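The values are calculated or read from the model by the stated rules, or taken from the named source; none is laboratory data. A quick note: this is a predicted structure, and the numbers were derived from the prediction, not measured. In this analysis, Cβ positions are derived from the backbone assuming ideal geometry, glycine residues included, and neighbour counts consider all displayed protein chains. Note: areas computed on protein heavy atoms with side chains; ligands, DNA, RNA excluded. Shrake-Rupley method; radii C 1.70, N 1.55, O 1.52, S 1.80 Å.
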Amino acid sequence: MRPAGILPEKYRRSLSYSLAGLLILAVTLYLALPVVALFFRTTPELFWSSLSDPLVISALWLSLTTSVISLAVVILVGTPFAIVHARSSYPGKVIVDTLIDLPLVLPPAVAGFALLVLYGRMGLVGRYFNMLGIPIAFTTLAVIMAQIFVASPFYMRQAKSLFEQFDQSYEYTARTLGASPLRTFMTITLPLTATGLVSGAVMTFGRALGEFGATIMFAGNLPGVTQTMPLAVYVGMESNFNLGLTISILLVIISFIIMITVRLVTRKEVPHA
Amino acid sequence: MLKVEFTRTLRDFTMALSFQVRDGEILALMGNNGSGKSTTLNLIAGLLPPDSGCIRLNGATLCEPAQGTHIAIEDRRIGYVFQNAAVFPHLSVRDNIAYGLRARNMPRLEITERVEQMMELMHLEDLAPVKAGNLSGGQKQRTALARAIAIGPALLMMDEPFSSLDVESTHAVKKLTRDIVKKMQIPCIVVTHRVADCQEIADWAMVICSGKREWEGRPPDIPQDCTVCRYH
């Protein structure tokens, strides 16, 4: 074939169009095919019937409740933390910054192992809790702690940068107009950062829902107690293929809803001054 | 009457200023970037504490570190218009103007009435339902001024109110500001670094440099060798 440079303009353009199309198609197929394959391996009847399996129901329920609790903790602790962190300088701030992001690159299995070393029955801190009759590892609490550890960076990073960039003259103006700090936060700061905070929260929820590595290391795999949906998929693959398939499809659907929510929320950006 | 006397240590220099602004008088606070103009306004508004000194408005002490007095920002009744106007972009023009009245728990009927008055005064009637984030620079500045005036402030402060406005809007905002200050008979401080703005709007001018007074007098008399004149 002749080099593109000496092809007539008409052919050159159609060639670059088809190359671009091919590239987009290749990427789309690579990402979509595995997901589509899930739906092709089952039938609607099989899907609906295994939905009512106790294993599926308990995994779904456990996953949803723990993820909601994890998210609530991350929001309630992470929001005030992000404000204080973003607006003050203190010694060691760089280290704290790095620590916030660490779980993003730390392998989840390592995170789970580390949590076990600290809070396990013989762990540095865990032994004292154990003496008080409060076991942490291999309980539902451990599931939540693992999720918070692994999923919090998605919200924290977002909140931190939102509050760093937030123009404080809005808040100052509200204060001079007579608003208390709480009123200022509720009517000015929160509405102006809500879009970003919600998208961070949704990503955190999604990550918590999909948590596998840290959970299996630190919380184990007890049906109804610590067996979340990703863990049930793993078990299902070995014992009951259809159950694994059903839970996988559920997780795909939830992931899609999450991504669509993020898209919709971030599109409704408020006009900025 | 506003009486200000304070010191405050900043990163590069220590500010030490004392001045007063009479009722119905507009003081132009001038100086180059980083000379301490905005800091002065923030100290008066209570956003920053002074190291020492005393700030008194109409006989009441707003702040006096030696006595441990520091009136909360929201209780100072100061109309403060920030440099970028800081209109709340997610609220309509009407809700922006009503913000301070609601925060002060004014009865709803009175709020509606006051907001209508303000919109008429500032020629904002047609923009009442528009989200403030979508306004032009001049409209934002007028909304911010209306919002500051609505609370019936005892002092009006404006930080570089004309810096992002075109000629026409600048003229309109200047006239509105002068009219309001004269009518309400409250002291007013306008921060600016442009001599022309100062001469058009102010009754008295003070030039500061590195937090200290460099010159003070009538606006037409600003000397040519002043820091603010040197580069213009």
(message) How shielded is A:166-174 by partner chains, expressed as the average number of their Cβ atoms within 10 Å of its Cβ atoms?
(response) 6
(request) Pick out which of A:L231, A:L222, A:L23 has the largest mean-square fluctuation in a Gaussian network model of chain A, springs linking Cα atoms closer than 10 Å. (result) A:L23
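For the protein assembly as shown, what does -39500 (n - 2.57) per DSSP helix run (n ≥ 4), summed and divided by total residues, give at 222 nm, in deg cm²/dmol to the nearest 500? Could the numbers behind the result be given before it?
Working: 20 runs with 283 residues, N = 505.
Computed ellipticity for the protein assembly as shown at 222 nm equals -18000 deg cm²/dmol.
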(message) Run the simple label-point estimate for A:V68 and A:A26 please: 7 Å along Cα→C-beta, distance reported in nm.
(response) 4.5
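Would you work out what percent of the accessible area of the protein assembly as shown, with all protein chains in place, is carbon or sulfur (probe 1.4 Å)? Spell out each step's value before the answer.
Numbers: 15910 of 25320 Å².
In the protein assembly as shown, the share of accessible area belonging to carbon and sulfur is 63 percent.
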(message) At 20 °C and a viscosity of 1.002 mPa s, what translational diffusion coefficient does Stokes-Einstein give for chain B, taking Rh as the Kirkwood radius over Cα pairs? Give it in µm²/s as a whole number.
(response) 119
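Show A:S239, A:S67, A:S58, A:S14 ordered by accessible area, largest first, where the area counts protein heavy atoms only and the probe is 1.4 Å. Could the numbers behind the result be given before it?
Numbers: A:S239 95, A:S67 0, A:S58 35, A:S14 60 Å².
In descending accessible area the options line up as A:S239, A:S14, A:S58, A:S67.
Going through the DSSP H helices of chain A, which span 15 Å or more along their own axis at the Cα atoms while scoring at least 1.0 as a mean Kyte-Doolittle hydropathy? Intermediate values should be presented prior to the final figure.
Details: long enough: A:9-40 (44 Å, 1.21); A:54-87 (48 Å, 1.72); A:93-105 (19 Å, 1.52); A:108-119 (16 Å, 2.06); A:140-165 (37 Å, 0.65); A:190-209 (27 Å, 1.18); A:241-267 (39 Å, 2.00).
Both cut-offs are met by A:9-40, A:54-87, A:93-105, A:108-119, A:190-209, A:241-267.
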(request) Report the label-to-label distance for B:E216 and A:S89 in nanometres (one decimal), using points 7 Å from each Cα along the Cα→Cβ vector. (result) 3.3
(request) Using only the alpha carbon atoms of segment A:1-40, find the Kirkwood hydrodynamic radius as the inverse mean reciprocal pair distance, in angstroms to one decimal. (result) 12.1
(message) With bins 10 Å wide starting at 0, give me the P(r) of segment B:70-185 over every alpha carbon pair, in whole percents.
(response) 14, 49, 32, 4, 0
(message) For the full complex of protein chains and a 1.4 angstrom probe, list B:H70, A:H85 by accessible area with the highest value first.
(response) B:H70, A:H85
(message) If I build a Gaussian network model for chain A, linking alpha-carbon pairs within less than 10 angstrom, which residue out of A:T204, A:T173, A:T43 has the largest mean-square fluctuation?
(response) A:T173
(request) Evaluate the charge dipole of segment B:1-111 about its Cα centre and quote only its size in Debye, nearest 20, assuming +1 on the Cβ of each Lys and Arg and -1 on the Cβ of each Asp and Glu. (result) 200
(request) First measure r as the distance between the Cβ atoms of A:L190 and B:N32, then evaluate 1/(1 + (r/R0)^6) with R0 = 30 Å and state the FRET efficiency to the nearest 0.05. (result) 0.20
(message) If you count only protein heavy atoms and use a 1.4 Å probe, how large is the accessible surface of B:K131, to the nearest 10 Å²?
(response) 90
(request) Would you compute, for the Cα atoms of chain A, the largest minus smallest coordinate along each principal axis and list the three values in descending order, in whole Å? (result) 76, 61, 35
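Please arrange A:L22, A:L62 by accessible surface area, largest first, computed with a 1.4 Å probe and ligands excluded. Display every interim value, and only then the final one.
On the way: A:L22 110, A:L62 15 Å².
Greatest to least solvent exposure: A:L22, A:L62.
Report Rg(Cα)/(2.2 N^0.38 Å) for the protein assembly as shown, keeping two decimals. Please list the in-between numbers first.
Values: Rg = 30.9 Å, N = 505, 2.2 N^0.38 = 23.4 Å.
Compared with the compact-globule rule of thumb, the protein assembly as shown sits at 1.32.
Kyte-Doolittle cut-off -1.0, length cut-off 15 Å along the helix's own axis using Cα: show which whole DSSP H helices in chain B pass.
Values: long enough: B:93-103 (16 Å, -0.15); B:108-121 (20 Å, -0.51); B:137-150 (20 Å, -0.42); B:167-184 (26 Å, -0.44).
In chain B, the long hydrophobic H runs are B:93-103, B:108-121, B:137-150, B:167-184.
Roll a 1.4 Å probe over the protein chains and send me the accessible area per residue for the protein assembly as shown in Å².
On the way: 25320 Å² over 505 residues.
That works out to 50 Å² for each residue.
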(message) Let's test the formula: R0 of 30 Å, r as the Cβ-Cβ distance of A:S161 and A:L106. What FRET efficiency results, to the nearest 0.05?
(response) 0.90
(message) Over 19 Å apart: what share of the alpha carbon pairs of segment B:1-114 falls there, rounded to a whole percent?
(response) 55
(message) For B:S163, project a label point 7 Å along Cα to C-beta. Then give me every residue of segment B:43-78 with its amide nitrogen under 20 Å of that point.
(response) B:43-48
(request) With label points built 7 Å along Cα→Cβ from the Cα atoms of A:F39 and A:N240, find their separation and express it in nm. (result) 2.5
(request) For segment A:122-213, count the residues as N, evaluate 2.2 N^0.38 Å, and divide the Cα radius of gyration by that value, please. (result) 1.55
(request) For A:I260, tell me the accessible area in Å² from a 1.4 Å probe, rounded to the nearest 10. (result) 90
(message) Between A:T98 and B:T61, what's the calculated FRET efficiency when r is the beta-carbon distance and R0 is 51 Å? Round to 0.05.
(response) 0.65
